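For reference, the structure is listed below as structure tokens.
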Amino acid sequence: MNQVDSNNQAEIYDQGYRPFDGSLASPSTRFWPIAMRELRQAWKDKWFRRLLWVAYIPLVVYCVLVVISARFPTINLNMDGLWPKFWRGQLFLAVFMTYFIGRGAVGEDLRTGALTVYFSRPVSFLQYLLGKWSAVSVGVAGVTLLPGFVLGLFRYLAEPDSNMMQFLGWLASIAFLSGLVCALFGLIILAVSSLTRRSRMAGIVWFTMFFVLSAAAEGISEATGMSQFVLMSFFEINVKMAELLLEGSGGLEPGLWLGLGHLIWMAAGFSVILIRLRRWVRM
């Protein structure tokens, strides 16, 4: 720093550099600040916070039904197909959770030029993508994985004919299904966001895909009698997968078709992201 005195002579003060004494984060965790930023942005929306409360209302209702059915067997509550019904409702809530967190995740960065800032720092493309995807996955897991575990625990404790192996099977199936939903919904919403740039438009496209494809897949499957058309909907393949794993309905062949549907949708979403962000892939 230079300072001029009364004799017009500059004095130089060499302050040097102070070493950093704090703790350094591991390079493997660089994605997490990106994820936290998306979650903080979503938390600012009051409707997102309300969704978190609403997401656990079905869980309370189903837990009460399980207890009543177990303690009062004379009351016919028709508990057949409990898991698919519960999972369909939680998936519907996951669609809204994905909307709130992911609709502007990539598009807003493209529109504002934030990607240049991201990749001017030691952040790789995969770390950036993992951060955005992790934010969506945290929200989706919060309305699928945790409620599913709680309902499984209630069924194990309340139902007299349940056993430990059945309980562990429920937990494993729920964890697997929740992971599929996180992977699928996360990649699709990031792809939609990268295509539209505007968060509002991304939300419209997301809900349009959800409603139109779900109705089309179900209608064509029933009209033709060919269950393979369920692959048209990224929502319905998760419902059918839940029926297969949690209720044991179907068999090996439907499971292979459903697995193929998940792979196709995830590959499509990831390909769109790579194409839209090809400029930064090597950075």
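What to note about this one:
- Selection over the range 194-209 of residues that are within 12 Å of A105 (Cα to Cα) and either open to solvent by 40 Å² or more (accessible area, probe 1.4 Å) or of a type in the set (S, T, N, Q) (or both) gives a count of 7.
- Members of the range 41-72 found to be part of a loop (DSSP other than H, G, I, E, B) and exposed (fewer than 12 other Cβ atoms within 10 Å of the Cβ), listed by number: K44, F72
- Of the residues making up the range 95-106, those that are part of a helix (DSSP H, G or I) and within 19 Å of L195 (Cβ to Cβ) are V95, T98, Y99, F100, I101, G102.
- Near pairs, Cβ below 7 angstrom, 6+ apart or cross-chain, from the range 107-119 (within 15 Å of T196 (Cβ to Cβ)) to any residue that is modelled with pLDDT of 85 or more and open to solvent by less than 20 Å² (accessible area, probe 1.4 Å): G107/S193; G107/S194; G107/A202; D109/L115; L110/S194
- Test result for A191, open to solvent by less than 60 Å² (accessible area, probe 1.4 Å) and under 29 Å from L39 (Cα atoms): yes
- Any chance L110 is open to solvent by 10 Å² or more (accessible area, probe 1.4 Å) and touching a Lys or Arg at 6+ places or on another chain (Cβ under 8 Å): yes
- Candidate set from the range 250-282 (those that are over 21 Å from the mean Cα position of the chain (by Cα) and loosely packed, with under 13 Cβ neighbours inside 10 Å); member that is farthest from L213 (Cα to Cα): R282
- Residues satisfying the stated conditions in the range 117-167, i.e. assigned to a helix (DSSP H, G or I), within 16 Å of R30 (Cα to Cα) and of a type in the set (S, T, N, Q): Q127, S134
- Restricting attention to the range 51-75, the residues that are over 32 Å from the mean Cα position of the chain (by Cα) and among the hydrophobic types (A, V, I, L, M, F, W, C) add up to 4.
- Yes/no for G22 being modelled with pLDDT of 85 or more, in a loop (DSSP other than H, G, I, E, B) and either on the phi < 0 side of the Ramachandran plot or touching a Lys or Arg at 6+ places or on another chain (Cβ under 7 Å) (or both): no
- Residues being farther than 12 Å from I34 by Cβ and open to solvent by 30 Å² or more (accessible area, probe 1.4 Å) - total across the range 113-137: 4
- Check on A35, assigned to a helix (DSSP H, G or I), open to solvent by less than 40 Å² (accessible area, probe 1.4 Å), modelled with pLDDT of 85 or more and among the small types (G, A, S): yes
- Test: residue in the range 251-262 that is under 19 Å from A94 (Cα atoms), without any contact (Cβ under 8 Å) to a residue 24 or more places away in the chain and touching a helix residue (DSSP H, G or I) at 6+ places or on another chain (Cβ under 8 Å): no
- Taking every residue in the range 209-234 that is more than 13 Å from W257 (Cα to Cα) and pairing it with any residue that is open to solvent by 60 Å² or more (accessible area, probe 1.4 Å), at least 6 positions away or on another chain, the pairs with Cβ-Cβ distances below 6 Å are L213/M232; A216/M232; A217/F229; A217/M232; I220/F229; S221/S227; S221/F229.
The values are calculated or read from the model by the stated rules, or taken from the named source; none is laboratory data. Quick caveat: nothing in here was measured; it's all calculated off a predicted structure. Neighbour counts are summed over all protein chains in view; Cβ atoms, including those assigned to glycine, are modelled from backbone coordinates with ideal geometry. With ligands, DNA and RNA removed, areas are computed over all heavy atoms of the protein, side chains included. Shrake-Rupley method; radii C 1.70, N 1.55, O 1.52, S 1.80 Å.
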